[in-house]
Amino acid sequence: MSQAGATREKVRGPARLLPCAPRGLRREQAAAYWGVSPTKWDDLVTAEQAPKPRICDGIKIWDVRELDDAFDALPHDGAPPKGNPLDEL
């Protein structure tokens, strides 16, 4: 096997089907994107600290752009609390 072939990893899962990152994420993916468990994710959405999903044919899908905006609005550790991050969206 050539050196280039030896360093190439086989792409599996949805990444092999998509030429780019997805715009929408399902619940587990959105939670992982923020670095929290799906249960904590549900709590954050209920508390309106994370955005609510969009609905496509009955499927809940979170918009990556909205996730980024809401995450950017979260306070840093030790910073004084701000208003609800979703008020700005």
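Val64 meets each of the listed conditions (1) open to solvent by less than 70 Å² (accessible area, probe 1.4 Å); (2) at pLDDT below 95 apart from (2). Among the candidates Pro51, Pro19, single out the residue that is outside any helix (DSSP H, G or I) and either at pLDDT below 95 or open to solvent by 90 Å² or more (accessible area, probe 1.4 Å) (or both). Exactly one of Pro51, Pro19 is outside any helix (DSSP H, G or I) and either at pLDDT below 95 or open to solvent by 90 Å² or more (accessible area, probe 1.4 Å) (or both), namely Pro19.
Do we have any residue at all in the stretch 71-81 that's at pLDDT 95 or above and in contact with a strand residue (DSSP E or B) (Cβ under 9 Å, 6 or more places away or on another chain)? Within the stretch 71-81, none of the residues are at pLDDT 95 or above and in contact with a strand residue (DSSP E or B) (Cβ under 9 Å, 6 or more places away or on another chain).
The values are calculated or read from the model by the stated rules, or taken from the named source; none is laboratory data. Just so it is clear, the model here is predicted, and its values are computed rather than measured. Don't worry about glycine lacking a Cβ; one is built from the backbone with ideal geometry, like all the others, and counts go over all protein chains shown. SASA here: full protein model, heavy atoms, side chains in, ligands and nucleic acids out. Shrake-Rupley method; radii C 1.70, N 1.55, O 1.52, S 1.80 Å.
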